[in-house]
Amino acid sequence: MLKSKTFVKKTRSGGVVKIVREHYLRDDIWCGSEVCSECKPETTELQKNAYIESNLCAYPHYLIPDTNVVLHQIDVLEDPIIRNVIILQTVLQEVRHRSAPIYKRVKDMLHEKEKHFYTFTNEHHRETFIEREPGESANDRNDRAIRVAAKWYSEHLKAFKSSSDGLEVVLLTNDQGNKQKAADIGLVVFKCEEYIKSLIANPELVDRLALTDNEKNEISKKVLFPEHLPLSKVQAGIKAGTFLQGTYRASRDNYLEGSVFVQKDGEESTEVLIQGLANLNRAVHQDVVAVQILARDKWVAPSSVVLQDEGAAKDDAGDEEDEDKALKTTFAETAKKPTARIVGIIKRSWRPFCGMLNVSQIKESTRHLFTPADRRIPRIRIETRQSSTLAGQRIMVAIDGWPKDSRYPNGHFVRSLGGAGEKETEQEVLLLEHDVPHQAFSQTVLSFLPKMPWVITPEESASSSYWAVVVDEGKREDLRQLIVCSVDPPGCTDIDDALHCRELDNGNLEVGVHIADVSHFIRPGNALDQEAANRGTTVYLCGKRIDMVPELLSSNLCSLRSNVERLAFSCIWEMNHNAEIVKTRFTKSIINSKASLTYAEAQMRIDDSTMNDDITISLRGLNKLAKILKRQRIQNGALTLSSLEVRFHIDSETHDPIDLQTKELMETNSMVEEFMLLANISVAQKIYDEFPECALLRKHPAPPPSNYDILIKAAKSKNVEIHTDSAKALADSLDVARVDNFPYFNTLLRILATRCMMQAVYFCSGMDSDFHHYGLASPIYTHFTSPIRRYSDIIVHRLLAVAIGADATYSDLMDKHKQSALCNNLNYRHKMAQYAQRASVAFHTQLFFKSRGVLNEEGFVLFVRKNAIIVLIPKFGLEGTVFFDSKDKAGPKLIYDEEGPVLTVEQHTFHIFDKVKVTISLDASNIQHQKIRMALLDPVIPGVSVPAENPEPPSKKSKIDR
Amino acid sequence: MAGLELLSDQGYRLDGRKANELRKVQARMGVFAQADGSAYIEQGNTKALAVVYGPHEMRGSRSRTLYDRAAINCQYSMATFSTAERKRRPHGDKKSTEMSLHLKQTFEAAILTQLYPRSQIDIFVKILQSDGGNYSVCVNAATLAVIDAGIPMRDYVCACTVGFVDETPLADLCYTEENGGVSSLAMALLPRGGQIALLQMDARLHQDHLESMMEAAMTACKGVSKVLDEVVRQHLEEASALSRD
């Protein structure tokens, strides 16, 4: 069965080393077709009647794409209509070397049953293996291997002609030479475009074809951009110090400007300015680029003009001088910053972008410009025949390339997301733009879920439920008899914490925090675990939740619902009545929650003195301890900050927001929070003691003092002093900050203080020395209490389980570099989730105001800017900008004083915290960027404020809308 | 660059073998006339030569004499040209001393030493070309050489390495696989009774997987023993045919 064949390979690793590897050729690799009776595989992937309706081939056929077709036309291959494709091992290996993301997409397709994709291991097949000939390049050899394999297939299938209705294999290649050679040996071969265009069923597939050959797309021969340097030269330049490497960030406001953050060894990163089309040299936001610093006399200052690339497609020549002229403003010599030009692209970070199509004015044109939703991405030229359908829709477009003679990058249409302004579409857009993985879980991931029905049978003790027996073996404590209950916001289905409190015989109190034992279901390293690690966190949008783990776990098996037995990880303290901890212990357990309460229900039980059942007594005990804990925490200098969170009342049928309310906080909210904090701190201490090198912790760095400037200035304007030397001082001074007749002042101050803070981040204890959590005033902190919605908590669970000997460890858990890479991903995902959440709230606010029409509301000035004030409307938790200058007409006289900061408009001067009245409406002039517009009503400034007309009654307006 | 994919989705390894398949084994016995026993073995690209002297009376320091059984002396070495980079390998470095010790332990368990009290058996093994699984190939070569020398053993000692990738044990690792971050385990087995003469692993492995690894190692060792048995029988046939003439 084995045929041994050795081949010699030379590779360079420092020097020249000769590598000898064995290469076995086999005769038991099957063709994978249903037609074949000679091969004996267990399963066949390729169907007998493999019809894809096409003008070119009327017979059933299998497709064999070559490497470049897979790399460039992956969007086409992913279409459900393309089935029965043979991916050769040669192709798969080449794809793997060239592009990891595409390799993953190919693998996903191979796993999908409906696609009928088959991998043929041609490199190890006795008849299809070929050796590289002298003088033949590796690419040529691979092309030949593909041809040989295709030939083999066609010969092989010919043997079963009678049973196969003339089944053929079709080789797809874009390489002219390869095509010719394949045709010479009698293969059916097409160019990818030819083939896709011939498909009868799906004409729109043509739009997804990536533009590979640029010669077709040329408009003018004039070269607009300087050539990019080859990578070898760029690397040499970076080594020599003539070039610098950094990440390019386009400016949001000015498409002709951008900056590159250059990170040099052991130095602070510096920002270099890039200005002008030619200097930007086709860099796209987030690309890693090489820049060359210009001579000092060519340095410029960042322009303060707002420029958007608007209007019709510009011809590639001629205009750019005019465009650049717009930048030429006079500036002071001191404002000049280091300026550079981009000489080469080290790594592109192109992804599919969301946006909308600008339909070309010429009706028959198939070439259109696409405007991405993100203003930092340039417009992209795409070719499509369905422009009339796509206009007004949100679509996704991928960039294929940016030739040096084209004003815009070339791209192709990927898919349509739906009509602009529709809720589903907009949600999809904001998920995609914030890089939130939100596809349905794949089959591979779901295969790691426990089989239903899943029960912990009563007669089996804690140690022997079906799943429990595999991993835990008696390491679980039976806590089912405890009076445990959960307190959550209304409508919460992923309950990950539950509490109990009871009096012990010695008079002390036993308090337990029980957290869903997610790590029991998600075992390290499997597909489910990897998916969760990648997602990092559950994302909560208005009216929608993007789960981190499949719903079976998040809403059922892990959710600590009442009156069912659930596996938990418990943290149990013995405390005296002064909330001093006597003993702490951690254990895996089984619990049976007696009640799932909402915050309001729990509050009612505590307040209702007639209720004296076990749950209520337990709640009262918890509440009492929580108050003491909170007091202690605040004494230690923990900050109570404020940010307005709004909640939408959503219409149950239309899912449109009908009312908006700021979230209320009750005593029970803080009760649950206190115990969660306590559990997190206890666990953090424990895992750090056990694993000082690889504990996953969370820190909140103290902000640099300059961050507080705005807060101190703002407070001073009301004659209030704020001390910011330490968290404690800040907390104390915030507490005493009161202004008579202005009850909202304190909240406003706290909102401002929140804006001064740094972002809290996860980190690995072995990689950092500063653990302090500034906001909570705790020397050590981690996340333990929400494993259903945060991956960090799963890792912490695993660490803790190992620490108490309840689970086995694995190598990645103990590797601080891997752990710190994981932290980076988690931090990124958390940040993006937050942005997505905010964007979702903003979108729903817009929907709300759309249905409400124009509203007049009172608000407070939160910030004062050079040409605008930022107003906060407490009723809606809404923040908006009132501009005093406009593009088309001359603005009022503005005098800005940075020291105040105050802004004088004509006669009136605005201070921070001023009370104003504004009118709110929806600005839908730009359908892609709808926004809330605010205009001043009171104080009345002639020429600036708008007349206070009576807004239409909201009820009438909404009736019209329906 | 992406690392190597040690096991493809289709179940093929880098060199085209399936997970449980051994490399091609070729062996010859009695390659040197001067020694009491000798053998040459190729397991894929790993090639080893084993030579046995003895049993003979103690040489060198008499103090090592054992009064109830034979003392076994093993020496392992690698040829300078055995790896990709030519390298001088002095005697008695840490690695080869350890390997010699392992071999000694293995053969003390297999050879019926009590039949030769106060005597000594020398086993010398040299790796001519190294491509993974050096220990196991040495054991297999030495087994054949000991048989060639006519020294009675309890059973063949067959050795094989097993690695663990993607929840699957891989039999008989080659050099690229050994270096690809695989936790590998080496086992020397007396196949008929199923006794383990030596088991060595110095990588991290989850306890749950140990059983399947051991299982795979045993199967692999039994596979090796079948091949060795064939070699011995064929050698005997040739030898007896010669002596009949």
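Read-outs throughout are calculated quantities, based only on the coordinates presented, and are distinct from any laboratory measurement. Since the model is a prediction, treat every value here as computed from it, not as a measurement. Note that we place each Cβ from the backbone using ideal geometry, even for glycine, and neighbour counts take in every protein chain shown.
Each of the peptides A:776-788, B:66-78 was scored by the mean count of other Cβ atoms within 10 Å over its residues; in descending order, highest first, they stand as A:776-788, B:66-78. Highest mean packing comes first when the peptides B:136-145, A:273-282 are listed by Cβ atoms within 10 Å, giving B:136-145, A:273-282. Axis of helix B:207-244 versus longest Cα principal axis of chain B: the two differ by about 40°, to the nearest ten degrees. Normalised by the number of residues in chain B, the average gap of Cα pairs under 8 Å and 6 or more apart makes the relative contact order 21 percent.
How many lysine pairs in the range B:89-245, separated by 8 or more positions in sequence or lying on different chains, have Cα atoms less than 22 Å apart? Please report the intermediate quantities before stating the final value.
Values: B:K94/B:K104; B:K94/B:K126; B:K95/B:K104; B:K95/B:K126; B:K104/B:K126; B:K104/B:K222.
Taking the Cα cut-off of 22 Å, the pair count is 6.
For the segment B:77-85, counting C-beta atoms of other chains within 10 Å of every residue's C-beta and taking the mean gives 1.
For the options B:K95, B:K126, B:K104, a Gaussian network treatment of chain B with springs between C-alpha atoms closer than 10 Å singles out B:K95 as fluctuating the most. The stretch between A:D108 and A:I185 holds 24.5 nm of extra length on full extension. This uses 0.36 nm per residue minus the Cα-Cα distance.
Kindly identify the range A:785-831 as rounded, prolate or oblate by the Cα gyration tensor criterion: order the square roots of the eigenvalues as a ≥ b ≥ c, call it rounded if a/c is under 1.5, otherwise compare a/b with b/c, prolate if a/b is larger, else oblate. Before the final figure, lay out the partial values.
Working: a/c = 3.51, a/b = 1.36, b/c = 2.58.
Here the range A:785-831 falls in the oblate category.
Checking every one of the trypsin sites (Lys or Arg not before Pro) in the range A:116-146 against DSSP loop status and a limit of 14 other Cβ atoms within 10 Å picks out A:R126.
Of all the stretches in chain B, which is the longest one without any exposed loop site, taking GluC sites (Glu not before Pro) in a DSSP loop (any state but H, G, I, E, B) with at most 15 other Cβ atoms within 10 Å?
Details: sites that count: B:E85, B:E167.
The longest such stretch corresponds to B:1-84.
Over 31 Å between Cα atoms: which of A:K594/A:K728; A:K716/A:K866; A:K239/A:K336 fall into that group? From A:K594/A:K728; A:K716/A:K866; A:K239/A:K336, over 31 Å: A:K594/A:K728.
Summarise the partner chain shielding of A:138-149 as one whole number: the mean count of Cβ atoms from other chains within 10 Å of each residue's Cβ.
Numbers: counts 0, 0, 0, 0, 0, 0, 0, 0, 0, 0, 0, 0.
Neighbouring Cβ atoms belonging to other protein chains average 0 per residue here.
The per residue volume of the convex hull around the alpha-carbon atoms of the range A:2-210 is 133 Å³.
Starting from one equal scatterer on each C-alpha and no solvent at all, send me the Debye-based log10 I(q)/I(0) for the range A:353-418 at q = 0.20, 0.21, 0.25 Å⁻¹, two decimals. Log10 of I(q)/I(0), two decimals: -0.71, -0.78, -1.09. Counting, for every residue in A:16-26, the Cβ atoms of other protein chains within 10 Å of its Cβ and taking the mean gives 5.
Of the listed pairs A:K191/B:K18; A:K588/A:K624; A:K158/A:K179, which have alpha-carbon separations greater than 31 Å here? Show your work: numbers first, answer last.
Values: A:K191/B:K18 36 Å; A:K588/A:K624 27 Å; A:K158/A:K179 21 Å.
Pairs exceeding 31 Å: A:K191/B:K18.
For the range B:166-230 versus the range A:525-551, the inter-centroid distance based on Cα atoms is 38 Å.
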